[in-house]
Amino acid sequence: MKNSRLTVFLLVLCFALWGVVNNMSDNLVPAFQRIFTMDQDRAVLVQVAFYGAYAVLALFTSILVEEFSFRTGILIGLAVYVCGALLYIPACLRQSFDFYFIGIFVVAGGCAILEASSNSCILAIGEAKSAIRRLNFAQAMNPVGSIVGIFIAQKAILAHLNPATVEERLAMTPEQLRPIVHAELTWICVPYVALCLVMLAIWVYFLRHPIVTEMEGGSRQLAPLRTRCMHVGAAILATALPFVLTGILFPNMDKLAWMLCGMIGPLACIAAMPAYRASFKELARTPRYVFGLVALFAYVGMQIAVWTWMNVYGQKELGVAPDVSANYYILAIAIHIANCWAGTWAMKWIAPWKIMATYCVFGFLCCMGTIYLPSAVLFTVCGVPFSANILALMGISLFMAILFPTIYGMALGGLNPKCFKLGGPGMIMAILGGAVVTPWMANVISAKESVFFGLVPMMDFTWDANLRTSSGALRASFFVPAICFAVMFAYAAIFRGTPPSARR
């Protein structure tokens, strides 16, 4: 029995859906910064919650799909998203950033389970020799969702932010500020809750229709249902327990450290189960896989950091409003999408690692342009100004194309099939990069002094009280994605070629 076209279409649509959610979350950083009048280092906790959830739940997803199926993972991922999105409603009513932090974590948890299941499922539904190209095709729908997410964020979130500055908000009484904040938070809730309807429709379809893969059923004979439920239950308990204990014992713990503590439980659960422990040891002894995790960590961190601070960069360098600056983001995603399709098409003739290495070189050069090129306006299109450094900033997105699925496919290429269901979702742990690299970049942006500042002594370091940064600090922060491109180039150069067991 083969998968129906509608089944494959909805599976690929899932790639677009988490793209929508990912890029709406990027715009929550500047939105919450204004709504709650907070600094970058606190607003960036949005990304810590979102991408920390990926790291925490990746290994849980490995156990889930191993004990049941990719389809089960997709169903649970969709359901968890819906539950998280509904938490935005009480968060809005309470006007609580901490409550939003929990809601964002649950939403991202659903996306993490969905993405970990879907990526591996796409690799498993066809021939191994075309797996990387097939994943690139499916991943090309992710930026399509991203541009939809940006458009929604621009029209439903950023456009409804009250124009009051930080100073004006601080001067207001609580009675004056409360209705303004309520209106802004309501518009944050609307798109997330509306997406629940789409997620529920896909959930109902996959509940009634199977997904056929070459390796469904796992690396061993399926245990009795009761045993499999016990294994998944143990994984849930191991995942939740560190969060509860650290939250009770250390209520003021740094949020990123809290996320890292949350990874202890799933790792301990994997180590405690003999079948998983053997697969984990084999993965740990596979350099292509281990360094693939590092490269994917660098990629996700670079992508999220650049896209998170693109809006602030446009506001600071060209003095435009947040909703106008969002146009740079939309155009950057558009050229990213075009290059995803172009790169996937080129893989018919050019080895994926060669395209990846080339893109990393040009991406590094675009980072340098973002740092050093001038901000004088070169031309204006429909009221949106463009400068050399803005064009370089958009060029970074152009050369991000095909990197994620290529690294993912290269790392899993040639793996022992017994390790695939653990290794595939395990790769999603690397999405932790978004929770680590983005705050790193935020620390440079909001700093009055940094090691990177010595590399841009000619820049203006006049402090902007509204954006909480300076032009020099903002430009210097792009050394961070430049380092990430260098890491990815090294991976492509060292692990080039096709693994022996993947050759046909």
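Does ILE396 satisfy the condition of being closer than 22 Å to GLY145 by Cβ, touching a Cys at 6+ places or on another chain (Cβ under 9 Å) and either buried (at least 21 other Cβ atoms within 10 Å of the Cβ) or touching a residue at least 24 places away in the same chain (Cβ under 8 Å) (or both)? So that I can check it myself, show each step before the final result.
Details: closer than 22 Å to GLY145 by Cβ: yes; touching a Cys at 6+ places or on another chain (Cβ under 9 Å): yes; either buried (at least 21 other Cβ atoms within 10 Å of the Cβ) or touching a residue at least 24 places away in the same chain (Cβ under 8 Å) (or both): yes.
Yes; evaluated as a whole, the condition is true for this residue.
Looking only at region 462-482, which residues are among the hydrophobic types (A, V, I, L, M, F, W, C) and buried (at least 16 other Cβ atoms within 10 Å of the Cβ)? Show your work before the answer.
The initial filter retains those residues of region 462-482 that are among the hydrophobic types (A, V, I, L, M, F, W, C), namely 463, 465, 467, 473-474, 476, 478-480, 482.
Residues satisfying the conditions are LEU467, ALA473, LEU474, ALA476, PHE478, PHE479, VAL480, ALA482.
What are the pairs with Cβ atoms under 6 angstrom where one residue, in region 451-468, is touching a residue at least 60 places away in the same chain (Cβ under 8 Å) and the other, located anywhere, is charged (D, E, K, R) and assigned to a helix (DSSP H, G or I)? Sequence gap at least six, or different chains.
If the second residue must be charged (D, E, K, R) and assigned to a helix (DSSP H, G or I), the pairs left are VAL456/ARG475; LEU467/LYS316.
With the structure loaded, tell me whether LEU64 is in contact (Cβ under 8 Å) with a residue 60 or more places away in the chain, on the phi < 0 side of the Ramachandran plot, under 19 Å from the mean Cα position of the chain (by Cα) and buried (at least 24 other Cβ atoms within 10 Å of the Cβ) or whether it fails that test. Please lay out each step first, then the result.
Numbers: in contact (Cβ under 8 Å) with a residue 60 or more places away in the chain: yes; on the phi < 0 side of the Ramachandran plot: yes; under 19 Å from the mean Cα position of the chain (by Cα): no; buried (at least 24 other Cβ atoms within 10 Å of the Cβ): yes.
So LEU64 does not fit the description; no.
Being of a type in the set (Phe, Trp, Tyr) and within 27 Å of THR173 (Cβ to Cβ) is the filter here, so list the residues in region 21-51 that pass it.
We begin by selecting, within region 21-51, every residue of a type in the set (Phe, Trp, Tyr); these are 32, 36, 50-51.
Of everything in region 21-51, those that are of a type in the set (Phe, Trp, Tyr) and within 27 Å of THR173 (Cβ to Cβ) turn out to be PHE32, PHE36.
Give the residues of region 310-329 that are at pLDDT below 85 and at positive phi, sorted by residue number.
Of everything in region 310-329, nothing turns out to be at pLDDT below 85 and at positive phi.
Inspect region 324-340 for any residue being among the aromatic types (Phe, Trp, Tyr) and surrounded by fewer than 22 Cβ atoms within 10 Å (Cβ to Cβ) and give the result as yes or no. Break it down stepwise before answering.
Filtering region 324-340 for residues among the aromatic types (Phe, Trp, Tyr) gives 328-329.
So of that shortlist, the ones also surrounded by fewer than 22 Cβ atoms within 10 Å (Cβ to Cβ) come out as none.
Scanning region 324-340 turns up no residue that is among the aromatic types (Phe, Trp, Tyr) and surrounded by fewer than 22 Cβ atoms within 10 Å (Cβ to Cβ).
What number goes with the only condition from (1) touching a residue at least 24 places away in the same chain (Cβ under 8 Å); (2) more than 29 Å from VAL444 (Cα to Cα); (3) of a type outside the set (Phe, Trp, Tyr) that ALA334 does not pass?
(2)
Hand me the list of helices (runs of 4 or more DSSP H) wholly inside region 168-270 holding 3 or more residues that are at pLDDT 80 or above and within 27 Å of the chain's Cα centre (by Cα).
Working: elements: 174-208, 225-249, 255-262.
Filter on region 168-270 gives 174-208, 225-249.
So how many residues does region 153-164 have that are outside any helix (DSSP H, G or I), out of contact with any Leu (no Cβ under 9 Å at 6 or more places or on another chain) and surrounded by 14 or more Cβ atoms within 10 Å (Cβ to Cβ)? First the steps, then the outcome.
Just the residues of region 153-164 that are outside any helix (DSSP H, G or I), to begin with: 161-164.
From what is left, the residues that are out of contact with any Leu (no Cβ under 9 Å at 6 or more places or on another chain) are 161-163.
With surrounded by 14 or more Cβ atoms within 10 Å (Cβ to Cβ) added as a condition, the list becomes 161-162.
Summing the residues that are outside any helix (DSSP H, G or I), out of contact with any Leu (no Cβ under 9 Å at 6 or more places or on another chain) and surrounded by 14 or more Cβ atoms within 10 Å (Cβ to Cβ) in region 153-164 gives 2.
Would you point out which residue out of ALA201, ALA183, ALA238, ALA272 is buried (at least 17 other Cβ atoms within 10 Å of the Cβ) and of a type in the set (Gly, Ala, Ser)?
Residue meeting the stated conditions: ALA238.
Just to verify a result, which residue in region 340-376, among those that are modelled with pLDDT of 90 or more and among the β-branched types (Val, Ile, Thr), is farthest from VAL480 (Cα to Cα)?
ILE355
The values are calculated or read from the model by the stated rules, or taken from the named source; none is laboratory data. Quick caveat, the model's predicted, so the values are computed rather than measured. FYI the Cβ positions are ideal-geometry reconstructions off the backbone, even for glycines, and counts take in every protein chain you see.
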